[in-house]
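Reading through the structure tokens given below for one structure.
Read-outs: derived from the displayed coordinates by stated rules, not from any lab. Remember, it's a predicted structure, so these values are computed and weren't measured experimentally. Here the Cβ positions follow ideal geometry from the backbone for every residue, glycine too, while neighbour counts run over all protein chains shown.
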């Protein structure tokens, strides 16, 4: 029996079977996509390290500090310059050619010069300036490490805060469900005369409180997602979820060991130590202004009113010594020493803050570990009570 041209193609059994399979698979696709769109903590940290604009700014600052090292090193290398002049000048023949004659005359003037200068000896001033620039670059790199650690910490904090918000939301949802059952139970007991009206209203009040807590818990989830998005450095909305992995391995560390690790690895302390070295080298360099400097100068000039030009050259050494500059060098040395004392005091204060942070973290860690043990005991007792009930 042949099919009429007007008969729809959906009448074919094979086509109907394929459509049914496709329709059944459609609801599973979003769930599959949602299951795949989950990021672990490590993946979130990788995203933040790529996306955070503050890290890009820190990298640019470090690159600028490295270039300043080359700026300081440039003074150690020969300085070569060249110039060319083409002009016309008017004057008497005597002024132009040292020959006494009357009248005025206009002549062209061409001049080409190449100059070279090289610092021969400055008592190590340039070398100390190079060391100061290198130490400053190390300080900038340590500051970038501090920012890197801050970004990682913010991601970790936002990640686990969001996981906690998810679990608290689930608890709030379950609490609402349980309170709804309590309202139904109280209403049923009241309807048959086994409970007063107060039990119903009390259950309704508890339900309203649970619903309010649920609204707060849902909002906390939204806030947690925004906090994580900001920590990741993303401009658009957070288009993925995170893996639920609150369980972390427990670690034990002594106070002395933790403080030793902090003092050795905290980039803030490394930055301050590098800045102190930079200031020490800078003080040495400024003090060299009291001493003479020897510079080699050479100059070759070709000049004349017509080609070929006449060549002249000079070659010699220059000794420069500042005898009196109004106390400028003394004031600069005093300022640099005061800045050094400021850095040393700042380092002591930072070390005290690091000590406080480490000890607070250890105390909080121990409190959390003890709280987990107590909570586990309470959970076991609650399960036993449920079994007995």
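Table for the structure above
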| quantity | calculated |
| --- | --- |
| Percent of Cα pairs exceeding the 14 Å cut-off, where the set is region 251-334 | 79 percent |
| Coarse-grained scattering of region 97-193 at q = 0.10, 0.18, 0.25 Å⁻¹, given as base-10 log I(q)/I(0) from a Debye sum over alpha-carbon atoms | -0.75, -1.03, -1.20 |
| FRET E, pair residue 86, residue 339, Förster distance 45 Å, beta-carbon r, rounded to 0.05 | 0.35 |
| Kirkwood Rh and Cα Rg combined as Rg over Rh, evaluated for region 217-279 | 1.20 |
| Rule-of-thumb Rg ratio for region 180-287 [Cα; 2.2 N^0.38 Å; N residues] | 2.26 |
| Degrees separating the helix 197-232 axis from the principal Cα axis of the chain, which is the longest one | 30 degrees |
| Cα-only Debye scattering, region 263-302: base-10 log of I(q)/I(0) at q = 0.25, 0.35 Å⁻¹ | -0.85, -1.06 |
| Rounded tilt (10° steps) of 267-287 against the dominant C-alpha axis of the chain | 10 degrees |
| Linear extension gain, residue 385 paired with residue 311, 0.36 nm per residue minus alpha-carbon span | 15.7 nm |
| The chain - convex hull of alpha carbons, volume per residue in Å³ | 459 Å³ |
| Rg/Rh for region 304-389, where both radii come from Cα atoms and Rh is the Kirkwood radius | 1.72 |
| Distance between modelled label sites at residue 173 and residue 118, nm, 7 Å Cα→Cβ extension | 7.9 nm |
| Helical mean residue ellipticity (222 nm; -39500 (n - 2.57) per DSSP H run of 4+; nearest 500) of the chain | -23500 deg cm²/dmol |
| Paramagnetic reach from residue 350 (point 7 Å along Cα→Cβ, amide N under 16 Å) across region 276-311 | 276-280 |
| Helix 125-191 vs. the chain, principal-axis angle (Cα, 0 to 90°, nearest 10) | 10 degrees |
| Column: log10 I(q)/I(0), Debye, Cα scatterers of region 148-229, q = 0.21, 0.22 Å⁻¹ | -0.86, -0.90 |
| Highest average packing first - 342-351, 127-136, 166-175, Cβ atoms within 10 Å | 127-136, 166-175, 342-351 |
